[in-house]
Amino acid sequence: MQQVALPNVALIGFMGTGKSLLGRMLAQRWGWRFVDTDSLIEEQVGCSVAQIFERFGEEYFRRQETEVLRSLEHQRHLVIATGGGVPTRPENVRSLRRHAVIVLLTAEPEVILQRVQPVETRPKLSTAPDPLAEIRRLLRERETAYACADIRIDTSTLSPSEAVLRIEELVKAWKPIPPP
């Protein structure tokens, strides 16, 4: 297996786009280690993401995300599945840029809603009167943040195997832009 140019691959995108599933599959395919930032935060704090949001608030959770990302900067051969809001903080994007090619996974809002059931387990959707409208709103809100990606892949109509092969193909072909 030919190694990619950067030491890590970071999967970003909205919930339900396949970051965890595809990240695990890609890591297994390459013999790399898979890490999920939400899982790392849950381990550190000792409760679920939903409970963290409820008990400590979103800002606390976002600070934990930033700390977890910084802790990964010096590790190599990782496939990192990030939380959907990671790129909304510029310091998170800077951290990822130091050690990873950033791959944005996208999907149509209707596909996302189908994939994230039951919405009660999703802090950003559980209290929304119309979860599909909330998904659309959040996607619009995060559009600029997601533009930081080096590679973009729509997973709406791809099987997991097809999506992993597409990620692999694009990551292998990707060339970093040298700084000015």
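Every number here is computed from the coordinates shown, using simple stated rules; none is lab data. Only a predicted model underlies this, so the values are computations on that prediction, with no experimental measurement involved. Heads up, the Cβs are rebuilt from the backbone with ideal geometry, glycines too, and the neighbour counts pull from every protein chain shown.
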Estimated FRET transfer efficiency when R0 is 35 angstrom, pair Arg63-Ile177 (beta carbons, to 0.05): 0.70
Cβ-based exposure ranking for Leu26, Leu139, in which fewest neighbours within 10 Å come first: Leu139, Leu26
Dipole magnitude of the chain, debye to nearest 20 (Cβ charges: Lys/Arg +1, Asp/Glu -1, about Cα centre): 560
Proxy reagent accessibility, fewest Cβ within 10 Å first, across Ser156, Ser95: Ser156, Ser95
Projected area, mean over directions - segment 1-98, Cα convex hull, nm²: 6.1
Three-way shape label, segment 74-143, alpha-carbon gyration tensor, a/c 1.5: prolate
Which of Asp154, Asp38 has the fewest Cβ neighbours within 10 Å, and the rest in rising order: Asp154, Asp38
Mean separation of Cα contacts under 8 Å, 6 or more apart, over the residue count of the chain: relative contact order %: 32
Cα centroid of segment 91-105 to Cα centroid of segment 108-163, whole Å: 19
Per-pair calculated FRET efficiency, R0 = 41 Å: Arg76 and Arg140 via Cβ, rounded to 0.05: 0.70
Angle between the chain longest axis and helix 131-146 axis [Cα atoms, degrees, rounded to 10]: 40
The chain - mean residue ellipticity at 222 nm from DSSP helices (-39,500 (n - 2.57) per run, n ≥ 4, rounded to 500): -15500 deg cm²/dmol
Gaussian network model of the chain, springs between alpha carbon atoms under 10 Å - residue of Ser39, Ser71, Ser20 with greatest fluctuation: Ser71
Approximate spin-label separation Asp154-Arg98, in nm, with each point projected 7 Å along Cα-to-Cβ: 3.5
Partner lysines for Lys124 [C-alpha distance under 24 Å; skip if fewer than 8 residues away on the same chain]: Lys19
Listed residues Glu42, Glu54, Glu67, most fluctuating in the chain (Gaussian network, C-alpha, under 10 Å): Glu54
